[in-house]
1. Report the A-B buried area as the accessible area lost on both sides summed, probe 1.4 Å, in Å² to the nearest 100.
2. Per DSSP helix of 4 or more residues, -39500 (n - 2.57); summed, then divided by the residues of chain B. What does that give at 222 nm, rounded to the nearest 500?
3. Residue by residue through the range A:127-139, which ³J(HN,Hα) values in whole Hz follow from phi under the Karplus form 6.51 cos²θ - 1.76 cosθ + 1.60 (θ = phi - 60°), with glycine and proline marked x?
4. What is the set of long-range amide H partners of A:Phe89 at a cut-off below 5 Å, with H atoms built 1.01 Å from backbone N?
5. Within the range A:63-138, list the GluC sites (Glu not before Pro) lying in a DSSP loop whose Cβ has at most 16 other Cβ atoms in a 10 Å radius.
6. How much net charge surrounds B:Leu22 when only other residues with a Cβ under 14 Å from its Cβ are counted (Lys, Arg +1; Asp, Glu -1)?
7. Can you compute the FRET efficiency between B:Gln113 and A:Lys111 using 1/(1 + (r/R0)^6), with r the Cβ-Cβ distance and R0 = 41 Å? Round to the nearest 0.05.
8. Just to check, using Stokes-Einstein with a Kirkwood Rh over alpha carbon pairs, what's the diffusion coefficient of the range B:55-182 at 20 °C and 1.002 mPa s in µm²/s?
Amino acid sequence: MAKFSRKGKNKLQAISTASLPDIVFMLLFFFMVTTVMKDQSSLVKIKLPRATEVKKLENRSLVSHIRIGTPQQTSLYGSDPRIQLNDAFATVEGISEWVSAEREKLSEVDKTKMTVSLKVDQDTEMGIVSDVKQALRKASALKINYSTTKILAYEN
Amino acid sequence: MARRELGEINAGSMADIAFLLLIFFLVTTTMDTDSGISRTLPPPVPPEQQEDKEIKERNIFTVLVNRDDRLLVEGRVMNLDNLTQEAKMFISNPQNAGNLPEKEVQEIPFFGQYPVSKQVISLRNDRGTSYGMYIKVQNELTRAYNELRDELAIQKFGKKYEELEEAKKDAVKDIYPMRISEAEPKNVGG
């Protein structure tokens, strides 16, 4: 017993911080692995609708995005809802070409699994969305996903 | 003496460097995964064979959304809150009522001979319907299917639908297949 008390009284040893980098590196690797860099900037204002019965999209590489909403720069592009494919505005007619281009990026096996995620502002009228849906049908991109934010219940 | 001069490299700043990188990745990380309501569109129909498949009226649950975002379900004006209940009633048809869908006995794994209803939900919207409302309706209809599947799964296997094994999931899915037809929009009036 005496051995312990003598040692404790003599000097308070500093806690070793040698393992701190290890801990930080561990965290760093976690974030590096989970990070997905934002690959597209949105040219349109989108406030996604909310829903309770949502499912996660499993494989990101199989998903292509169509954004529909009013342009960010209303002074330049007006305030009518526009369609954004990749980094540019497009028309409904341009969708079939875009679908085949997106499909070319996938491997032969995944081509049938391609999913189109529709990110549409909740105040958009359905007319333009229906046009897009018909265009996707014609281009045989049949798997679609209405992108929504998950909530637990609607507050009424 | 030479060995003493070499000494040890001071690793004290290592943590700082790592922290800097860590903070960079923390800031750039977006954790949000894509999620939403998945649907499969009907395959394109060649113009020459544009005939509609005959479905009996009693097997169709018609939901109309007009441009004022109001609902007309089976010819009646309805609130969004009642839609799920009504859709569930229609899909399962527990009392085998004459105006609700027919049932056909099918061989389903785990369940044996089971009467499966021939239900189809037809969702039609106006061009002026807001997307937010459309998603709310889609959500309610999906909820009807999910709740029915959950009820059946709990009754049969004592577990929720999502917790079942794939084969059992498929069996439950065979009994309550999600059939929501999203027709091309027509002006359903306002």
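The values are calculated or read from the model by the stated rules, or taken from the named source; none is laboratory data. If you're wondering where the values come from, they're calculated on a predicted model, not measured in any experiment. Glycine also receives a Cβ, built like all others from the backbone with ideal geometry; neighbour counts cover every protein chain displayed. Heads up: the accessible areas ignore ligands, DNA and RNA and are worked out on the full protein's heavy atoms, side chains in. Shrake-Rupley method; radii C 1.70, N 1.55, O 1.52, S 1.80 Å.
1. For A against B, buried area totals roughly 4400 Å².
2. -12000 deg cm²/dmol
3. Going residue by residue, I get x, 5, 5, 5, 4, 5, 4, 5, 5, 5, 4, 4, 7 Hz, with x marking Gly and Pro.
4. Amide H to amide H, under 5 Å and 5 or more residues apart or across chains, A:Phe89 pairs with nothing.
5. A:Glu108
6. Every neighbour counted, the sum reads -2.
7. Details: r = 39 Å, r/R0 = 0.95.
For R0 = 41 Å, the calculated efficiency reads 0.60.
8. Roughly 139 µm²/s, to the nearest whole number.
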